[in-house]
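Everything on this sheet refers to the single structure shown next.
The values are calculated or read from the model by the stated rules, or taken from the named source; none is laboratory data. Worth saying up front: this structure is predicted, and the values here are computed from it rather than measured. Here the Cβ is made from the backbone with ideal geometry for all residues, glycine too, and neighbour counts use every protein chain on show. What goes into the accessible areas is simple: the full protein's heavy atoms, side chains included, and nothing from ligands, DNA or RNA. Shrake-Rupley method; radii C 1.70, N 1.55, O 1.52, S 1.80 Å.
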Amino acid sequence: MRVVLAPMEGVVDNLMRELLTAQGGYDLCVTEFIRVVEQLLPEKIFYRYCAELNNGCRTQAGTPVRIQLLGQHPEWMAENAVRAIDLGSHGLDINFGCPAKQVNKSSGGAACLREPELVYQIVKQVREAVPSEHIVSAKIRLGWEDSNHKLEIADAVQQAGANELTVHGRTKADGYRAAAINWEAIAEIKQHVSIPVIANGEIWNHADGQRCLEVTGCNDLMVGRGALNLPNLGEVVKYNKAPMPWADVVTLLRNYCQLEIRGDKEKYLPNRIKQWFSYLRKQYPEAVDLFTQLRALRQSEEVINTLNNYRV
(Lines give C-alpha, C1' and ligand atoms only; values in the text may rest on other atoms or scores of the structure.)
Protein backbone atom coordinates (compact mmCIF):
# COMPACT_ATOMS: atom_id res chain seq x y z
CA MET A 1 0.00 0.00 0.00
CA ARG A 2 1.17 3.50 -0.84
CA VAL A 3 0.12 6.52 1.19
CA VAL A 4 0.19 9.84 -0.65
CA LEU A 5 0.13 13.26 1.04
CA ALA A 6 -2.57 15.32 -0.65
CA PRO A 7 -2.13 18.73 -2.25
CA MET A 8 -3.96 21.11 0.08
CA GLU A 9 -3.90 24.59 -1.41
CA GLY A 10 -2.70 27.22 1.03
CA VAL A 11 -1.91 24.62 3.68
CA VAL A 12 0.54 21.91 2.66
CA ASP A 13 3.48 23.88 1.31
CA ASN A 14 7.08 22.67 1.20
CA LEU A 15 7.64 23.41 4.90
CA MET A 16 4.61 21.37 5.92
CA ARG A 17 5.64 18.59 3.54
CA GLU A 18 9.08 18.56 5.15
CA LEU A 19 7.64 18.24 8.66
CA LEU A 20 5.02 15.62 7.85
CA THR A 21 7.17 13.36 5.68
CA ALA A 22 9.85 13.41 8.39
CA GLN A 23 7.37 11.46 10.55
CA GLY A 24 7.44 8.60 8.04
CA GLY A 25 4.83 6.62 6.15
CA TYR A 26 4.46 8.75 3.03
CA ASP A 27 5.44 7.43 -0.38
CA LEU A 28 4.68 10.54 -2.42
CA CYS A 29 3.69 14.19 -2.01
CA VAL A 30 1.74 16.26 -4.52
CA THR A 31 2.25 20.03 -4.48
CA GLU A 32 -0.37 22.72 -4.18
CA PHE A 33 -1.65 23.44 -7.67
CA ILE A 34 0.22 25.80 -9.95
CA ARG A 35 -2.37 27.82 -11.87
CA VAL A 36 -1.68 27.70 -15.60
CA VAL A 37 -2.95 30.53 -17.77
CA GLU A 38 -2.21 31.14 -21.43
CA GLN A 39 1.55 31.25 -21.12
CA LEU A 40 4.62 29.22 -20.23
CA LEU A 41 5.24 30.08 -16.61
CA PRO A 42 8.74 31.17 -15.52
CA GLU A 43 10.88 28.65 -13.68
CA LYS A 44 10.74 30.72 -10.48
CA ILE A 45 7.03 29.90 -10.13
CA PHE A 46 7.77 26.18 -10.09
CA TYR A 47 10.49 26.66 -7.47
CA ARG A 48 8.12 28.79 -5.39
CA TYR A 49 5.55 26.00 -5.19
CA CYS A 50 8.05 23.17 -5.15
CA ALA A 51 11.19 24.20 -3.30
CA GLU A 52 12.11 20.51 -3.27
CA LEU A 53 13.28 20.96 -6.86
CA ASN A 54 16.48 22.15 -5.20
CA ASN A 55 16.82 18.71 -3.57
CA GLY A 56 16.17 16.33 -6.45
CA CYS A 57 12.44 17.04 -6.01
CA ARG A 58 12.38 15.16 -2.73
CA THR A 59 11.68 16.30 0.80
CA GLN A 60 14.53 16.21 3.30
CA ALA A 61 13.16 12.82 4.39
CA GLY A 62 13.58 11.54 0.84
CA THR A 63 9.90 11.45 -0.16
CA PRO A 64 9.43 12.19 -3.88
CA VAL A 65 7.34 15.22 -4.81
CA ARG A 66 5.09 15.53 -7.87
CA ILE A 67 4.13 18.95 -9.21
CA GLN A 68 0.43 19.57 -9.79
CA LEU A 69 -0.96 21.87 -12.46
CA LEU A 70 -4.44 23.36 -12.76
CA GLY A 71 -5.87 24.97 -15.87
CA GLN A 72 -8.32 24.68 -18.73
CA HIS A 73 -6.10 25.24 -21.78
CA PRO A 74 -4.72 21.87 -22.97
CA GLU A 75 -1.85 23.26 -25.00
CA TRP A 76 -0.57 25.48 -22.17
CA MET A 77 -1.04 22.73 -19.62
CA ALA A 78 1.18 20.57 -21.83
CA GLU A 79 3.85 23.26 -22.22
CA ASN A 80 4.04 23.81 -18.48
CA ALA A 81 3.99 20.07 -17.77
CA VAL A 82 7.13 19.68 -19.83
CA ARG A 83 8.78 22.49 -17.88
CA ALA A 84 7.88 20.81 -14.58
CA ILE A 85 9.39 17.54 -15.74
CA ASP A 86 12.49 19.24 -17.12
CA LEU A 87 13.03 20.89 -13.74
CA GLY A 88 12.92 17.50 -12.03
CA SER A 89 9.34 16.76 -10.90
CA HIS A 90 8.61 13.10 -10.17
CA GLY A 91 5.80 12.91 -12.68
CA LEU A 92 3.02 15.41 -13.29
CA ASP A 93 -0.40 15.63 -11.66
CA ILE A 94 -3.44 17.42 -13.09
CA ASN A 95 -6.03 18.99 -10.78
CA PHE A 96 -9.67 18.36 -11.69
CA GLY A 97 -10.83 18.36 -8.10
CA CYS A 98 -10.43 21.82 -6.57
CA PRO A 99 -13.90 23.10 -5.49
CA ALA A 100 -12.83 26.71 -4.77
CA LYS A 101 -15.17 29.30 -6.31
CA GLN A 102 -12.31 31.50 -7.48
CA VAL A 103 -10.84 28.57 -9.41
CA ASN A 104 -14.10 27.19 -10.72
CA LYS A 105 -15.41 30.49 -12.07
CA SER A 106 -12.45 30.56 -14.46
CA SER A 107 -13.25 26.99 -15.57
CA GLY A 108 -10.39 25.36 -13.67
CA GLY A 109 -10.28 22.54 -11.15
CA ALA A 110 -13.58 20.73 -10.55
CA ALA A 111 -15.30 22.91 -13.17
CA CYS A 112 -13.64 20.77 -15.85
CA LEU A 113 -15.69 17.80 -14.64
CA ARG A 114 -18.70 19.31 -16.40
CA GLU A 115 -16.90 18.69 -19.69
CA PRO A 116 -15.38 15.19 -19.88
CA GLU A 117 -14.11 16.00 -23.37
CA LEU A 118 -12.06 18.88 -21.93
CA VAL A 119 -10.66 16.54 -19.27
CA TYR A 120 -9.70 14.17 -22.08
CA GLN A 121 -8.00 16.87 -24.15
CA ILE A 122 -6.02 18.24 -21.21
CA VAL A 123 -4.75 14.84 -20.11
CA LYS A 124 -4.09 13.75 -23.70
CA GLN A 125 -1.98 16.76 -24.59
CA VAL A 126 -0.06 16.58 -21.32
CA ARG A 127 0.55 12.87 -21.78
CA GLU A 128 1.76 13.34 -25.36
CA ALA A 129 4.10 16.14 -24.31
CA VAL A 130 5.62 14.44 -21.27
CA PRO A 131 8.18 11.68 -21.98
CA SER A 132 6.64 8.24 -21.49
CA GLU A 133 8.96 7.25 -18.63
CA HIS A 134 7.32 9.91 -16.43
CA ILE A 135 3.99 9.33 -14.73
CA VAL A 136 1.04 11.55 -15.61
CA SER A 137 -1.72 11.37 -13.01
CA ALA A 138 -5.01 13.16 -12.47
CA LYS A 139 -7.12 13.93 -9.41
CA ILE A 140 -10.88 14.14 -9.79
CA ARG A 141 -14.02 14.36 -7.73
CA LEU A 142 -17.08 12.23 -8.49
CA GLY A 143 -18.63 15.02 -10.53
CA TRP A 144 -19.95 18.57 -10.33
CA GLU A 145 -23.43 18.45 -8.81
CA ASP A 146 -23.92 14.68 -8.88
CA SER A 147 -21.92 11.55 -9.65
CA ASN A 148 -23.89 10.46 -12.71
CA HIS A 149 -20.96 11.02 -15.05
CA LYS A 150 -18.18 9.67 -12.86
CA LEU A 151 -17.44 6.71 -15.15
CA GLU A 152 -17.37 8.94 -18.22
CA ILE A 153 -14.92 11.25 -16.47
CA ALA A 154 -12.74 8.34 -15.37
CA ASP A 155 -12.86 6.98 -18.93
CA ALA A 156 -11.67 10.33 -20.24
CA VAL A 157 -8.65 10.26 -17.94
CA GLN A 158 -7.74 6.68 -18.81
CA GLN A 159 -8.31 6.92 -22.56
CA ALA A 160 -6.20 10.07 -22.68
CA GLY A 161 -3.26 8.02 -21.42
CA ALA A 162 -2.92 8.85 -17.72
CA ASN A 163 -0.99 6.35 -15.61
CA GLU A 164 -2.87 6.89 -12.35
CA LEU A 165 -6.14 8.35 -11.12
CA THR A 166 -6.87 9.74 -7.67
CA VAL A 167 -10.55 9.97 -6.78
CA HIS A 168 -11.89 12.18 -4.00
CA GLY A 169 -15.12 10.49 -2.97
CA ARG A 170 -17.39 13.55 -3.14
CA THR A 171 -18.80 15.83 -5.81
CA LYS A 172 -17.92 19.51 -6.07
CA ALA A 173 -21.33 20.34 -4.58
CA ASP A 174 -20.57 18.09 -1.60
CA GLY A 175 -17.57 20.20 -0.59
CA TYR A 176 -15.95 18.45 2.37
CA ARG A 177 -19.11 17.31 4.19
CA ALA A 178 -18.27 14.11 6.03
CA ALA A 179 -21.72 12.61 5.48
CA ALA A 180 -21.36 12.98 1.72
CA ILE A 181 -18.32 10.71 1.40
CA ASN A 182 -18.99 7.94 -1.11
CA TRP A 183 -16.30 5.28 -1.12
CA GLU A 184 -18.68 2.95 -2.96
CA ALA A 185 -18.56 5.28 -5.96
CA ILE A 186 -14.77 5.07 -5.92
CA ALA A 187 -15.17 1.28 -6.02
CA GLU A 188 -17.30 1.60 -9.18
CA ILE A 189 -14.57 3.64 -10.82
CA LYS A 190 -11.89 1.20 -9.66
CA GLN A 191 -13.80 -1.67 -11.27
CA HIS A 192 -14.39 0.32 -14.46
CA VAL A 193 -10.82 1.36 -15.29
CA SER A 194 -7.60 -0.60 -15.60
CA ILE A 195 -5.16 2.06 -14.36
CA PRO A 196 -4.35 2.29 -10.63
CA VAL A 197 -6.91 4.25 -8.60
CA ILE A 198 -5.92 6.05 -5.40
CA ALA A 199 -8.78 6.57 -2.91
CA ASN A 200 -9.11 9.90 -1.09
CA GLY A 201 -11.52 11.31 1.46
CA GLU A 202 -12.37 10.91 5.19
CA ILE A 203 -9.30 8.92 6.18
CA TRP A 204 -8.47 10.01 9.72
CA ASN A 205 -6.90 6.90 11.28
CA HIS A 206 -5.79 3.31 10.62
CA ALA A 207 -9.31 1.89 10.82
CA ASP A 208 -10.59 4.41 8.25
CA GLY A 209 -7.76 3.50 5.92
CA GLN A 210 -8.49 -0.21 6.19
CA ARG A 211 -12.21 0.32 5.63
CA CYS A 212 -11.56 2.56 2.64
CA LEU A 213 -9.28 -0.05 1.05
CA GLU A 214 -11.88 -2.75 1.67
CA VAL A 215 -14.81 -0.76 0.30
CA THR A 216 -13.06 0.74 -2.73
CA GLY A 217 -10.86 -2.20 -3.68
CA CYS A 218 -7.98 0.26 -4.11
CA ASN A 219 -4.41 -0.53 -3.15
CA ASP A 220 -3.36 3.04 -2.37
CA LEU A 221 -4.66 5.95 -0.32
CA MET A 222 -4.28 9.72 -0.34
CA VAL A 223 -4.71 11.62 2.94
CA GLY A 224 -5.26 15.35 3.33
CA ARG A 225 -6.91 17.06 6.28
CA GLY A 226 -6.30 14.01 8.47
CA ALA A 227 -2.56 14.54 8.11
CA LEU A 228 -2.94 17.90 9.85
CA ASN A 229 -5.16 16.43 12.56
CA LEU A 230 -2.62 13.70 13.24
CA PRO A 231 0.93 14.59 12.15
CA ASN A 232 2.08 10.96 11.92
CA LEU A 233 -1.01 9.79 10.02
CA GLY A 234 1.15 8.26 7.27
CA GLU A 235 2.63 5.75 9.70
CA VAL A 236 -0.68 5.30 11.54
CA VAL A 237 -2.50 4.41 8.31
CA LYS A 238 0.25 2.25 6.85
CA TYR A 239 1.66 0.51 9.91
CA ASN A 240 -1.00 1.00 12.60
CA LYS A 241 1.48 2.99 14.69
CA ALA A 242 0.24 4.78 17.80
CA PRO A 243 -0.91 8.38 17.32
CA MET A 244 1.78 10.97 18.00
CA PRO A 245 1.73 12.04 21.67
CA TRP A 246 0.71 15.63 22.36
CA ALA A 247 4.15 16.48 23.75
CA ASP A 248 5.71 15.49 20.41
CA VAL A 249 3.14 17.57 18.55
CA VAL A 250 4.17 20.63 20.56
CA THR A 251 7.81 19.97 19.64
CA LEU A 252 6.75 19.71 16.00
CA LEU A 253 4.95 23.05 16.23
CA ARG A 254 8.09 24.66 17.62
CA ASN A 255 10.14 23.17 14.79
CA TYR A 256 7.62 24.46 12.29
CA CYS A 257 8.02 27.97 13.67
CA GLN A 258 11.78 27.79 13.21
CA LEU A 259 11.34 26.69 9.59
CA GLU A 260 8.88 29.50 8.90
CA ILE A 261 11.04 32.26 10.30
CA ARG A 262 14.01 31.03 8.25
CA GLY A 263 11.88 31.25 5.12
CA ASP A 264 10.02 34.11 3.48
CA LYS A 265 6.68 33.53 5.18
CA GLU A 266 7.41 34.73 8.71
CA LYS A 267 4.69 37.38 8.60
CA TYR A 268 2.13 34.63 7.93
CA LEU A 269 3.25 32.47 10.84
CA PRO A 270 0.50 33.47 13.31
CA ASN A 271 -2.24 32.67 10.79
CA ARG A 272 -0.57 29.45 9.66
CA ILE A 273 -0.25 28.19 13.24
CA LYS A 274 -3.87 29.06 14.01
CA GLN A 275 -4.94 27.32 10.81
CA TRP A 276 -3.08 24.19 11.87
CA PHE A 277 -4.74 24.33 15.30
CA SER A 278 -8.17 24.25 13.66
CA TYR A 279 -7.24 20.70 12.67
CA LEU A 280 -5.26 19.66 15.76
CA ARG A 281 -8.16 20.50 18.07
CA LYS A 282 -10.16 17.67 16.48
CA GLN A 283 -7.56 15.07 17.48
CA TYR A 284 -6.02 16.50 20.65
CA PRO A 285 -8.20 17.89 23.48
CA GLU A 286 -5.05 19.50 24.90
CA ALA A 287 -4.85 21.73 21.84
CA VAL A 288 -7.91 23.70 22.89
CA ASP A 289 -6.20 25.41 25.84
CA LEU A 290 -3.06 26.27 23.86
CA PHE A 291 -5.13 27.57 20.97
CA THR A 292 -6.94 29.89 23.40
CA GLN A 293 -3.57 31.39 24.29
CA LEU A 294 -2.52 31.76 20.65
CA ARG A 295 -5.77 32.99 19.16
CA ALA A 296 -5.34 36.69 19.95
CA LEU A 297 -1.66 36.89 18.98
CA ARG A 298 -0.68 38.81 15.85
CA GLN A 299 3.13 38.79 15.90
CA SER A 300 5.37 35.84 15.07
CA GLU A 301 7.58 36.51 18.08
CA GLU A 302 4.57 36.30 20.40
CA VAL A 303 3.52 32.97 18.91
CA ILE A 304 7.02 31.52 19.21
CA ASN A 305 7.40 32.69 22.82
CA THR A 306 4.04 31.23 23.77
CA LEU A 307 4.90 27.86 22.28
CA ASN A 308 8.35 27.84 23.88
CA ASN A 309 6.92 28.69 27.30
CA TYR A 310 4.10 26.18 27.07
CA ARG A 311 4.47 23.20 29.37
CA VAL A 312 2.84 19.91 28.48
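Quick one: in region 25-55, of everything that is among the aliphatic types (A, V, I, L, M) and open to solvent by 40 Å² or more (accessible area, probe 1.4 Å), which residue is nearest to ALA81 (Cα to Cα)? By that ranking, first place goes to LEU40.
Highlighted here are the strands (runs of 3 or more DSSP E) found entirely within region 55-158 that include at least 2 residues which are under 24 Å from ALA180 (Cα atoms) and at pLDDT 95 or above: 92-96, 136-141.
Restricted to region 13-24, and to residues there that are out of contact with any Ser or Thr (no Cβ under 8 Å at 6 or more places or on another chain) and either open to solvent by less than 10 Å² (accessible area, probe 1.4 Å) or in a strand (DSSP E or B) (or both), the residue that is nearest to SER137 (Cα to Cα) is ASP13. The condition (being out of contact with any Cys (no Cβ under 9 Å at 6 or more places or on another chain) and more than 17 Å from ASN200 (Cβ to Cβ)) is satisfied by just one residue among PRO116, PRO99: PRO116.
The set of residues from region 259-279 being at pLDDT below 90 and among the small types (Gly, Ala, Ser) comprises just one member, GLY263. If you filter region 165-178 down to residues that are crowded, with 21+ Cβ neighbours inside 10 Å and out of contact with any Lys or Arg (no Cβ under 7 Å at 6 or more places or on another chain), you find that the one that is farthest from VAL197 (Cα to Cα) is ASP174. Within region 224-281, if we keep just the residues that are touching a strand residue (DSSP E or B) at 6+ places or on another chain (Cβ under 8 Å) and open to solvent by less than 10 Å² (accessible area, probe 1.4 Å), the residue that is nearest to THR306 (Cα to Cα) turns out to be ALA227.
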